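Worksheet: one structure, shown below.
The values are calculated or read from the model by the stated rules, or taken from the named source; none is laboratory data. None of these values were measured; they are calculated from a predicted model. Reconstructed Cβ throughout: ideal geometry from the backbone, glycine too, with neighbour counts over all protein chains shown. Just the protein is used for accessible areas: all its heavy atoms, side chains included, with ligands, DNA and RNA removed. Shrake-Rupley method; radii C 1.70, N 1.55, O 1.52, S 1.80 Å.
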Amino acid sequence: MYDKKDMPFVYHLMMWVKMKIEADLVVFNGNIITMDPQNPTATALAVKSYKVLAVGEEQEVLDLVPTAKRVIDLGGKTVVPGFIDAHTHLTSAGVKQSHIQLDDVNSPEEAIQKIKDNVGRYSKGEWILGYNWDESEWSERRLILGKELDEVSTNHPIMITRVDGHLAIVNNAGLKKLGIDLNQVGVDKDKKGKPTGVLRDIDEVWEKVRPGPKKYLEGVVRGNKIACDLGITTVVDNAPKGTLRYCREIETQNKLKTRMILNIPVEQMNNMTNLGLTSGMGSPQVKIGGVKIFTDGSIGAMTAAVSRGYLNDSKNKGMMYSLQISMQQLSGKL
């Protein structure tokens with residue numbers, strides 16, 4: 001402990017240390033919500049290496065201003081803590097954003113027309129992809145059929161994916177290009193036994209339309225912008241394989257704006273633990289989280305496992321996926 005007579009020395013020492021610190025950001029003249037019951041508001045804030053260095057009144061950050069990398073006069077604006085979203089598919093949302101968005105249509109006809117209006121964006125033979133439609137909110141609550149997508153184009157394979165990501169509809173050209181087993185569970189058929197184009201929870205379907213590295217890197221950036229626009233500063237991303245690498249690459253380019261905690265696909269868990277990679281490892285911006293496992297499907301796609309069947313299809317009790325993984329593995333290193 002220091003004696004009271006040493007106070008001037010201690011004060012000047014603290015001021016010297018402050019002067020030596022180069023804050024990444026200093027903001028002042030604001031209404032800062034601290035979430036601290038003892039000091040609920042402040043007017044100034046300093047940040048260094050992704051951590052709060054100082055928060056309080058202007059005089060508490062004044063000495064950091066000359067060396068700060070960035071200084072902002074808030075002009076009385078309010079600053080609040082960023083939101084943390086504990087369950088997202090942020091990178092996938094960023095990838096999908098470059099394609100046709102069907103969340104604003106109100107009927108099958110509107111959806112088909114919007115796809116027609118966007119055909120020119122795609123080269124001949126290229127997959128036309130649409131996302132985020134929800135027939136439960138349409139005036140006519142029914143699924144679009146593959147033959148209706150055939151009327152949009154026969155020169156392109158077309159796939160439109162439901163808002164929950166568990167159901168896709170493809171045209172005839174799409175079915176041919178996918179080359180999947182049409183007799184497997186999840187392939188809807190009409191009364192004559194022909195595929196309708198409706199595909200439910202068949203993982204390989206989405207794997208076959210996954211974009212290349214360039215598109216994925218762009219998707220990471222777009223996903224980050226989605227989060228930033230909503231005030232979300234940290235996300236847990238249930239990400240497809242390879243996303244950790246792409247996020248890290250964007251981070252090294254200083255383009256990552258959101259803290260990313262990545263839940264890896266369960267299929268990759270053993271590989272990562274064998275390398276000694278565990279939950280919590282990473283940088284301030286990109287960290288390994290947990291493991292993403294599907295146990296069943298979704299209510300909207302009528303693939304969620306239920307005990308008594310669905311109202312309009314009592315024989316359908318959904319899909320319970322077989323997990324080739326033991327509880328011992330799950331409670332292990334990750």
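Here are a few things to note about the model shown:
- Checking each residue in region 265-278 for being crowded, with 17+ Cβ neighbours inside 10 Å and touching a residue at least 60 places away in the same chain (Cβ under 8 Å) picks out M269, M272.
- Pairs where the first residue, in region 101-112, is open to solvent by 20 Å² or more (accessible area, probe 1.4 Å) and the second is among the aliphatic types (A, V, I, L, M) and modelled with pLDDT of 95 or more, C-beta under 8 Å, 6+ apart: D103/V163; I112/I144; I112/L149; I112/V152
- Test set (1) within 30 Å of T243 (Cα to Cα); (2) at pLDDT 95 or above; (3) not basic (K, R) - N29 fails condition number: (1)
- Checked against (1) in contact with a helix residue (DSSP H, G or I) (Cβ under 7 Å, 6 or more places away or on another chain); (2) open to solvent by 40 Å² or more (accessible area, probe 1.4 Å), N183 passes all but condition (1).
- Any hit, region 226-240, residues being touching a strand residue (DSSP E or B) at 6+ places or on another chain (Cβ under 7 Å), among the hydroxyl-bearing types (S, T, Y) and in a helix (DSSP H, G or I): no
- D85 being modelled with pLDDT of 95 or more, assigned to a loop (DSSP other than H, G, I, E, B), open to solvent by 30 Å² or more (accessible area, probe 1.4 Å) and touching a strand residue (DSSP E or B) at 6+ places or on another chain (Cβ under 6 Å): no
- Residue within region 124-131 that is in a loop (DSSP other than H, G, I, E, B), of a type in the set (G, A, S) and under 30 Å from L45 (Cα atoms) present: no
- Looking across region 118-147, just one residue is closer than 24 Å to E207 by Cβ, open to solvent by 70 Å² or more (accessible area, probe 1.4 Å) and acidic (D, E), and that is E126.
- When the residues of region 193-208 are filtered to those that are β-branched (V, I, T) and within 12 Å of L175 (Cα to Cα), the one that is nearest to the chain's Cα centre (by Cα) is V205.
- Within region 279-304, the set of residues being assigned to a loop (DSSP other than H, G, I, E, B), open to solvent by less than 40 Å² (accessible area, probe 1.4 Å), free of Cβ contacts under 8 Å to residues at least 60 places away in the same chain and touching a Lys or Arg at 6+ places or on another chain (Cβ under 9 Å) comprises just one member, S283.
- Per-region count, region 218-243, residues closer than 26 Å to M159 by Cβ and surrounded by fewer than 21 Cβ atoms within 10 Å (Cβ to Cβ): 8
- Test for L262: is it touching a helix residue (DSSP H, G or I) at 6+ places or on another chain (Cβ under 9 Å), buried (at least 19 other Cβ atoms within 10 Å of the Cβ), without any contact (Cβ under 8 Å) to a residue 40 or more places away in the chain and not β-branched (V, I, T): yes
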